[in-house]
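The values are calculated or read from the model by the stated rules, or taken from the named source; none is laboratory data. This structure is a prediction, so every number in the text was calculated from the model and none was measured. No Cβ is skipped: glycine too gets one built from the backbone with ideal geometry, and neighbour counts run over all protein chains shown.
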Amino acid sequence: MNYKTSSEQQMIELGKKIASDFKGGDIVLLYGDLGAGKTTLTKGIASYFGIDEVVSPTFTLMQEYKVSKSASTQVNKLVHIDTYRLEEESDLVEIGAEDYLGEENTICIVEWPEKISTILKGKKIVKIEIKHEAEDERTISMSFRT
Ligand SMILES: Nc1ncnc2c1ncn2[C@@H]1O[C@H](COP(=O)(O)OP(=O)(O)O)[C@@H](O)[C@H]1O
Ligand SMILES: [Mg+2]
């Protein structure tokens, strides 16, 4: 599936829209350069699940949210991982990320997933690629891998 957005707000709206297709246990991988809009899209997805404030996990690596409003059945947790400053995959394992990846009732969103390819190997994923085309223009492609 391919999409195009021309503003930050449109990217948030897209996040809300695609979030309705996500199920508990999904691992959503966000590929794209710095400033592509990965965190912005995450805000939209989080908003769909009733989470209004997304704190960037750039320094904490991982941020966990309780899904208050059950927009979708069987999703009670949203985990946002940002590996931008991660040095070794094992550092993420140490803070318990592996327990969340693919866990029932939990949706994980990962920025910079290329840095944790070993951890993600063989897991069922939703892959989203964001390309920064021009100033505010972004193209987004999404595919499901079972
Ligand atoms: N169409 C768009 N989609 C997403 N962000 C956009 C768009 N147009 C401009 N922006 C701006 O680009 C930046 C994206 O930042 P962010 O979401 O943090 O990127 P990333 O997490 O990929 O590094 C924000 O400053 C946002 O306002
Ligand atoms: Mg980001």
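Can you tell me which residues in segment 88-117 are at pLDDT 95 or above and of a type in the set (Val, Ile, Thr)?
Thr106, Ile107, Ile109, Val110, Ile116
Is it the case that some residue within segment 52-59 is hydrophobic (A, V, I, L, M, F, W, C), in a loop (DSSP other than H, G, I, E, B), under 23 Å from Gly122 (Cα atoms) and modelled with pLDDT under 95?
Checked against the condition, which is being hydrophobic (A, V, I, L, M, F, W, C), in a loop (DSSP other than H, G, I, E, B), under 23 Å from Gly122 (Cα atoms) and modelled with pLDDT under 95, segment 52-59 yields no hits at all.
Check off (1) more than 14 Å from the chain's Cα centre (by Cα); (2) more than 8 Å from ligand 1 (Cβ to nearest atom); (3) not hydroxyl-bearing (Ser, Thr, Tyr) for Glu8 and give me the number that stays unchecked.
All conditions pass for Glu8, except number (2).
Can you confirm whether Gly15 is among the small types (Gly, Ala, Ser), near ligand 1 (Cβ under 9 Å from one of its atoms) and either modelled with pLDDT under 95 or in contact with a Lys or Arg (Cβ under 8 Å, 6 or more places away or on another chain) (or both)?
No: the conditions fail for Gly15.
Could you identify the single residue in Lys38, Lys115, Lys43, Lys131 that is within 15 Å of ligand 1 (Cβ to nearest atom), touching a helix residue (DSSP H, G or I) at 6+ places or on another chain (Cβ under 6 Å) and of a type in the set (Lys, Arg)?
So the residue among Lys38, Lys115, Lys43, Lys131 that is within 15 Å of ligand 1 (Cβ to nearest atom), touching a helix residue (DSSP H, G or I) at 6+ places or on another chain (Cβ under 6 Å) and of a type in the set (Lys, Arg) is Lys43.
Every residue in segment 42-61 that is closer than 13 Å to Asp82 by Cα and surrounded by 19 or more Cβ atoms within 10 Å (Cβ to Cβ), please.
Result: Thr42, Val54, Pro57.
Look through segment 99-116, keep the residues that are part of a helix (DSSP H, G or I) and within 21 Å of Lys38 (Cβ to Cβ), and return whichever of them is farthest from ligand 2 (Cβ to nearest atom).
Tyr100
Pairs needed: first member in segment 41-63, within 16 Å of Val110 (Cβ to Cβ) and charged (D, E, K, R); second member anywhere, modelled with pLDDT of 90 or more and within 13 Å of ligand 2 (Cβ to nearest atom); C-beta distance under 6 Å; at least 6 residues apart or different chains.
Once the first residue is within 16 Å of Val110 (Cβ to Cβ) and charged (D, E, K, R) and sits in segment 41-63, its partners that are modelled with pLDDT of 90 or more and within 13 Å of ligand 2 (Cβ to nearest atom) give Lys43/Val54.
Failed condition for Arg85, given (1) within 13 Å of ligand 2 (Cβ to nearest atom); (2) of a type in the set (Lys, Arg); (3) within 19 Å of Lys127 (Cβ to Cβ), with all others met?
All conditions pass for Arg85, except number (3).
Tell me the residue from Leu34, Leu30, Leu41, Leu78 that is aliphatic (A, V, I, L, M), closer than 25 Å to Ser141 by Cβ and assigned to a loop (DSSP other than H, G, I, E, B), please.
The conditions single out Leu34.
Given the criteria within 14 Å of ligand 2 (Cβ to nearest atom), among the charged types (D, E, K, R) and in a loop (DSSP other than H, G, I, E, B), does Asp21 qualify?
no
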